[in-house]
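Chemist: Below is a structure I'd like to ask you about.
Values in this text are rule-based calculations from the coordinates and carry no lab data. This one's a predicted model, so the numbers in the text were calculated from it and none came from an experiment. FYI the Cβ positions are ideal-geometry reconstructions off the backbone, even for glycines, and counts take in every protein chain you see.
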Amino acid sequence: MQAIGLCRFSYPALGGFQIQHETTDERIAFLYGEARLEERFRLFEHVALPCMAAQTNEDWEIIIVIGDSLPKVHADRLNDLVAHIPQISIQVHAPRPQREVMKEILNAARKDPAQPCLQFRYDDDDAVAIDFIARLREAADDCAPLNAKHPIVAYDWTSGYAAQFAETGITAKQMQYKQYVASLGVHVRGGSKFTIMNFAHTKLDQFMPVVSFADAPMWIESHNGFNDSQASQRRPIPFAPLTAGEEALFQDRFAIGHEGIKLAFSGVAPPPVRGRS
């Protein structure tokens, strides 16, 4: 069964952001600001990519969507970062309404629309556990009768971490979120044109069955200087330095090394991400 992920990398969609702008030009100026893009690239390379390159099940794909106005130097840098991960492709699109264009991209990516597929969203500054794809596939198999009854069913792992990444290392707080973007997937029945982008992720349970799991930590939500997470946070999160146990957990479950983060965010490049051999 095809498993399709969708990631916006500074794509200037019309709508779809909690940080609002009056015009598309203002949004582009914000998204392509040099300080923001540099932070985004570091998070993408050292937080979002390692866990996908290390997935225990390699049968997945992610489509990265960028804007047609992204400067070539940044588009080339992005292409270079993902060149060694064959499951990742990049599509270029002009600014369009968020849900409209993302639904089209997902439906066009289905190799056989008559067959069911799995779909997930992927933020360019977050991470999922290295067994996310394996567990999503296992959950969908376990719930086959439920999937057969509904055009779309969601699978949600609610345990994870909010984290900050800097030259001093990682600070974090373990959290429980229902239907957070990372580590949330859907099963779409064959013949259905529904996608994960038809619905706000926090409202999936209003439109479909949601099967939830609350065991091992399955996601990391990055809090940084420019993302929606920090802008929308209702109250401060008490971040704290990782314990020795948490450092090991971040390495083992998310392929994120504490010392590597220090190097990356101090301007010294750690070894590049490589796919599983």
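Chemist: Can you give the FRET efficiency to the nearest 0.05 for F213 and A244, using r as the Cβ-Cβ distance and R₀ = 25 Å?
Modeler: About 0.40, to the nearest 0.05.
Chemist: About its Cα centre, what dipole magnitude does region 45-106 give when the only charges are +1 on Lys and Arg Cβ and -1 on Asp and Glu Cβ, stated in debye to the nearest 20? Working shown, then result.
Modeler: Details: 5 positive and 9 negative charges, 53 e Å.
About 260 debye.
Chemist: Once you list every other residue whose beta carbon is under 10 Å from the beta carbon of F165, what net charge do they have if Lys and Arg are +1 and Asp and Glu are -1?
Modeler: Overall, the nearby charge balance is -1.
Chemist: Projecting each Cα onto the charge dipole of the chain (Lys/Arg +1, Asp/Glu -1 at the beta carbon, about the Cα centre), which of I220, V92, P145 comes out farthest on the positive side?
Modeler: P145
Chemist: Quick one: dipole size for the chain, taken about the Cα centre, charges +1 on Lys/Arg Cβ and -1 on Asp/Glu Cβ, in debye to the nearest 20. Can you show the working numbers first?
Modeler: Details: 27 positive and 34 negative charges, 132 e Å.
It works out to roughly 640 debye.
Chemist: Taking a 32 Å limit on the Cα-Cα distance, which of the listed pairs K178/K262; K72/K103; K149/K173 fall beyond it?
Modeler: Check vs 32 Å cut-off fails for K149/K173.
Chemist: Now a separate question. Which ³J(HN,Hα) values, rounded to whole Hz and listed in residue order, are derived for region 210-219 from phi using the Karplus coefficients 6.51, -1.76 and 1.60 in 6.51 cos²θ - 1.76 cosθ + 1.60 with θ = phi - 60°, glycine and proline given as x?
Modeler: Rounded to whole hertz, the list is 10, 9, 10, 10, 10, 9, 5, x, 10, 8.
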